[in-house]
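Please read the structure below before turning to the comments.
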Amino acid sequence: MATITLNTGAVMPAISLGMWKIAKDTTASVVVEAIRAGYRGIDCACDYGNEKEVGDGIKAAIAEGLCTREELFITSKLWNTYHAKAHVEPACRKTLADLGLAYLDLYLIHFPICCKYVPIEERYPPEWCTDAGVMEIVPVPVTETWQAMEALADAGLAKAIGVSNFSCSLVQDLLATCRVKPAANQVEIHPYNAQASLSAFMAANGIAVTGFSPIGSSSYVEIGMDKGHSKGVLENDTTVAIATAHGATPAQVCLRWQIQRGHAIVPKSTNPGRLRENLAAGTDKFVLSAEQMAQITALDQKLRYNDPGEFTKGMGPQWAETGYPIHD
Ligand code: A2P
C-alpha cells in the first residue's frame with residue numbers, strides 16, 4: 001500500500017478515508033468497515049460534525065482486534081473560529097476528547113480564514129456563520145495560529161502539523177517565520193483542478209500534498225455545488241478510455257493519477273464496494289503510463305468546486321458581492 005513519508009519522518013498512508021458529509025448514524029460503522037477493508041488513515045475535522053462517532057468506530061475496531069492505535073493515522077483540522085492563540089489548544093483537546101485519542105497524527109489549519117470565536121459550549125461545530133447568518137472575519141495573523149499549532153506539536157498532542165486550503169504564497173510566508181515546518185497542505189485536487197504548480201512548490205519545500213475531492217464533482221452533488229456536473233471526471237472520455245484500457249474504473253484512474261504524482265488522497269465512501277475499489281488504487285494493481293498521466297493532467301480547467309470565494313457570497317455585508325477571496 002502506498003505511503004508518504006512526512007518531513008517529520010512519520011509515515012502517512014497515501015489513502016485515508018475522508019469523513020466529510022458522512023452522517024453521524026453511519027459514521028462508526030463506516031469507520032469499522034473501512035479499517036476492516038485495510039484503511040489505516042482517517043481524515044477528520046471538527047467541522048464535519050462526526051468526530052464523536054469516528055471515535056466510536058475507532059474504539060470498536062481496536063476492540064475487535066482489527067488494528068492498534070499505533071497502526072492508525074488520524075488527521076483532524078482546526079476550525080476557522082479557533083485561530084486565536086488562546087483557542088487553538090482547547091479546540092484540539094475537544095477533537096481529541098471526541099475521537100477518544102491521546103494524540104493526533106496530523107492536525108491541520110482547515111482554512112486560512114479566521115472567523116469570530118464561538119465558545120464550544122455555545123455551538124459545536126460552529127460552522128461558517130454566526131447565529132445571525134453572517135460570516136464575521138477577525139484579524140488573527142496566520143503566524144499567531146501557527147505558533148499555537150507548534151505548541152501542540154511540542155506538547156505531543158499532534159505528532160505533525162500542517163495546513164489546508166493554503167495557497168503557495170501563504171505557505172511561502174509561513175515558511176519565513178515558522179519554527180516547525182508544515183508537514184502537509186491539503187487542497188482540492190482532481191483532474192479538472194490539477195494544481196500542478198502548487199504540487200511542485202510543496203514538493204520543492206518538503207511539504208506533502210493531500211488532494212481532497214479526488215474524484216471531483218461527485219462530492220458536491222448532494223450540497224448543490226457540483227456546477228451542473230453530476231458525474232464530471234467520472235464520465236470524461238479520457239478517464240473512461242484509460243479506465244477501460246486497464247480494466248479499472250474512472251474513479252480508480254483519478255485516484256491512481258494522484259498516487260503516482262506522490263500525493264496523498266482522502267476519498268470518501270460509505271459504500272463497502274467503493275471503499276475497497278478506492279483503496280485498491282493505492283496498490284500497484286495497475287500503473288498509469290507517463291502518457292496517460294499527461295493526458296489526465298491536460299484535463300485541468302482550474303475548476304474548484306469548494307471555493308470560499310464563491311460559497312461565502314452573501315454571508316455578510318462585506319462578502320455579498322465577491323465572496324471571501326482566497327486564491328492559489
Ligand atoms: P458514496 O459514499 O456513496 O460512495 P469525496 O470527493 O468527498 O471523496 O466524495 C466522493 C463522492 O463520490 C461521494 O459522494 C461518494 O459516494 C462517491 N464515490 C466514492 N467513491 C466512488 C467511486 N469509486 N466511484 C463512484 N463514486 C464514488
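The values are calculated or read from the model by the stated rules, or taken from the named source; none is laboratory data. None of the values given here were measured: they were computed from a predicted structure. Because the Cβ atoms are built from the backbone with ideal geometry, glycine has one as well, and the counts that use them run over all protein chains shown. Accessible surface areas use protein heavy atoms only, side chains included; no ligands, DNA or RNA. Shrake-Rupley method; radii C 1.70, N 1.55, O 1.52, S 1.80 Å.
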message: Name the single residue that is farthest from Arg261 (Cα to Cα) among those in the stretch 14-29 being open to solvent by 10 Å² or more (accessible area, probe 1.4 Å) and over 13 Å from the mean Cα position of the chain (by Cα).
response: Asp25
field: Residue check for Glu136: out of contact with any helix residue (DSSP H, G or I) (no Cβ under 6 Å at 6 or more places or on another chain), open to solvent by 60 Å² or more (accessible area, probe 1.4 Å) and modelled with pLDDT under 95
entry: yes
- request: Looking only at the stretch 86-94, decide whether some residue is charged (D, E, K, R) and in contact with a His (Cβ under 7 Å, 6 or more places away or on another chain).
  value: no
- prompt: Does Val240 count as more than 9 Å from the ligand (Cβ to nearest atom), touching a strand residue (DSSP E or B) at 6+ places or on another chain (Cβ under 8 Å), modelled with pLDDT of 95 or more and not in a loop (DSSP other than H, G, I, E, B)?
  reply: no
Selected residue [closer than 21 Å to Lys268 by Cβ and without any contact (Cβ under 8 Å) to a residue 60 or more places away in the chain] from Ala37, Ala28, Ala91: Ala28
task: Out of the residues in the stretch 224-274 that are touching a residue at least 60 places away in the same chain (Cβ under 8 Å) and over 27 Å from Phe73 (Cβ atoms), state the one that is least open to solvent (accessible area, probe 1.4 Å).
output: Thr239
task: Evaluate the stretch 180-191: report whether one residue or more is surrounded by 22 or more Cβ atoms within 10 Å (Cβ to Cβ), among the small types (Gly, Ala, Ser) and either within 10 Å of the ligand (Cβ to nearest atom) or within 17 Å of Asn278 (Cβ to Cβ) (or both).
output: no
